[in-house]
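The next block holds one structure in the form of structure tokens; read it before the comments.
Derivation of every value follows stated rules applied to the coordinates shown; laboratory data play no part. Predicted, not measured: the structure shown is a model, and the values here were computed from it. Note that we place each Cβ from the backbone using ideal geometry, even for glycine, and neighbour counts take in every protein chain shown.
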Amino acid sequence: MVARGPKQPLTEEEITVDPPKEGEVRVKVIANALCHTDIYTLDGLDPEGLFPCILGHEAGCIVESVGPGVTSVVPGDHVIPCYTPQCSQTSCIFCMSPKTNLCPEIRSTQGQGVMPDGTKRFHDKDGKDIYHFMGCSTMSEYTVLAEISCAKVSKEMPLEKACLFGCGVSTGMGAVWNTCKVEPFSSVAVFGLGAVGLAVIQGAKMAGASKIIAVDINEDKFEMAKKLGATDCVNSSPDKIDKPIQKVIAGDMTPWGVDYSFDCTGNVNVMRAALECSHRGWGESCVIGVAASGHEISTRPFQLVTGRVWKGTAFGGFKSRRDVPLLVERHLNGELPIDHFITHTFEGVEKTGDAIDALHSGGCLRAVVKY
Ligand SMILES: NC(=O)c1ccc[n+]([C@@H]2O[C@H](COP(=O)([O-])OP(=O)(O)OC[C@H]3O[C@@H](n4cnc5c(N)ncnc54)[C@H](O)[C@@H]3O)[C@@H](O)[C@H]2O)c1
Ligand SMILES: [Zn+2]
Ligand SMILES: [Zn+2]
């Protein structure tokens, strides 16, 4: 499915997907889940969005062929494409640091919509090139990935579920476990109860948080939030509360605020509220949501002087090739249920447009398209 331009419906096209070059892997995509970052680009909100392109970055795939020099996967392996790669080279100070997962090895070409050698593997029927997206481009029956973007996972894991670990669900859980390292008996506030926010709640419950405040402007989200471990739910719409939400949380619901808060909306005003409802002296607030271009965050510096910490996360801090297979193992062991995130399923890559419509409807967490 090709995105020909911003705000245009995807077009179903027959394209050529070149064989993998050195250090690359061609995969057959078995299932793809929609994420808001795809829609954000399709809606033209990303000023760096390149068209025509093939979107998609939450997928479960089978390796079809490998290029020269590829040693870590072979045809038939099951992989999850990871937009945050992990090169694991000893010369990569990011991969060698336990503090981050942000391997920059292919960052610049990935951002330019091309493979690491600067060329593209997708061509339309007229022979014209099509851009890659986030190093994944999984809204296609076949795609080409850098080897360092492939997380090899157990073949026991159904790929139509495995795709969820490619972005939102891992991000929410990792924000709790890796970025903030939430301790038992902590208090937590989660703003925005989409798949990412619900994954934060699930992760916080697993980490032993004793108070989990779930905040959204859509009350339909509260039932699932409670099921996953939220202890309190608040509708933060201005007509439902008589003061800013940060004062409801830090003041009414807790004396000094929560130990940890998470923005899962991408709204910069919510990010501010999340910081300001965190605990005087030690509260940490984590930005997960991706804000629209040009938007900036602000708060009074006094909020930081009095001990609050503002941080953010990409892919939940997980080192992708090392950690995604472990998340899959934890799911297979029964420790990490994820089925509840799949609210819609479709058959056939051509149904991707219907999945996008479903995602736009408020009730959708993840829409999975099986190819
Ligand atoms: N940092 C990362 O690595 C990463 C990875 C994946 C997704 N994201 C971002 O995380 C965010 C959440 O993703 P999602 O898939 O869960 O999105 P979603 O749209 O399904 O969920 C967002 C939720 O926020 C709620 N909301 C909107 N405005 C609000 C407000 N003012 N106050 C309270 N709640 C509000 C909505 O009702 C909705 O329930 C997006 O911005 C996405 O781009 C970031
Ligand atoms: Zn690296
Ligand atoms: Zn995503």
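Shown in residue order for the range 82-87 are the 3J(HN,Hα) couplings computed by the Karplus curve 6.51 cos²θ - 1.76 cosθ + 1.60 at θ = phi - 60°: 10, 5, 9, x, 9, 7 Hz (x for Gly and Pro). Consider a paramagnetic label point 7 Å from the Cα of Lys227 along Cα→Cβ; state which residues of the range 165-189 have an amide N under 17 Å from it. Hits in the range 165-189 for Lys227 at 17 Å: 169. Can you list the lysines whose alpha carbon is less than 24 Å from that of Lys311, not counting same-chain residues fewer than 8 positions off? Result set, ordered by chain and number: Lys99, Lys181, Lys205, Lys211, Lys247, Lys319.
The local environment of Gly174, defined by Cβ-Cβ distances under 11 Å, has a net charge of +1 under the rule Lys, Arg +1 and Asp, Glu -1.
Within the chain, no whole DSSP H helix has Cα atoms reaching 24 Å or more along its own axis together with a mean Kyte-Doolittle score of at least 0.5. Could you pull out every one of the aspartates and glutamates with an alpha carbon less than 15 Å from that of Lys226, ignoring same-chain neighbours closer than 8 positions? The reachable aspartates and glutamates, counting only those whose Cα sits under 15 Å from Lys226, are Asp216.
A simple count of charges around Pro116, restricted to other residues whose Cβ falls under 13 Å of its Cβ and scoring Lys, Arg +1 and Asp, Glu -1, yields -1.
With 0.36 nm allotted per residue and the present C-alpha distance subtracted, the Lys99-Asp46 stretch has 16.3 nm of extension available. Put in order of Cβ neighbour count within 10 Å, fewest first, the listed residues Asp216, Asp252, Asp263 become Asp252, Asp216, Asp263.
Compute the normalised compactness of the range 172-314: alpha-carbon radius of gyration over 2.2 N^0.38 Å, N being the residue count. Before the final figure, lay out the partial values.
Details: Rg = 13.4 Å, N = 143, 2.2 N^0.38 = 14.5 Å.
That ratio works out to 0.92.
Rounded to the nearest whole Hz, the Karplus-based 3J(HN,Hα) values (6.51 cos²θ - 1.76 cosθ + 1.60, θ = phi - 60°) of the range 291-306 follow the sequence 7, 5, 4, x, 7, 10, 9, 8, 6, 6, x, 3, 4, 7, 4, 8, with x at glycine and proline. Computed on the range 172-314, with alpha-carbon pairs under 8 angstrom and 6+ residues apart, the relative contact order is 22 percent.
Can you tell me how much longer the chain between His123 and Thr343 gets when fully stretched, taken as 0.36 nm per residue apart minus their C-alpha distance, in nm with one decimal?
Stretched fully, the His123-Thr343 segment lengthens by 75.9 nm.
Ignoring lysines fewer than eight residues from Lys128 along the same chain, the ones with Cα atoms less than 28 angstrom from its Cα are Lys7, Lys21, Lys28, Lys120, Lys351, Lys370.
Extension gain Asn218-Arg4, at 0.36 nm per residue separation less the Cα-Cα distance, in nm?
Stretched fully, the Asn218-Arg4 segment lengthens by 73.8 nm.
Sorted fewest first by neighbouring Cβ atoms within 10 angstrom, Lys227, Lys319, Lys370 come out as Lys227, Lys370, Lys319. In the chain, taking the dipole from charged Cβ atoms about the Cα centre, the farthest positive-side position among Ser91, Val74, Phe51 is held by Ser91. Each of Cys233, Cys53 has some number of other Cβ atoms within 10 Å of its Cβ, and from fewest to most they run Cys233, Cys53.
Near Phe222, once Lys and Arg are set to +1 and Asp and Glu to -1 for all other residues with Cβ below 11 Å from its Cβ, the sum equals -2. Summing Cβ point charges (Lys, Arg +1; Asp, Glu -1) relative to the Cα centre of the chain gives a dipole of roughly 1100 debye.
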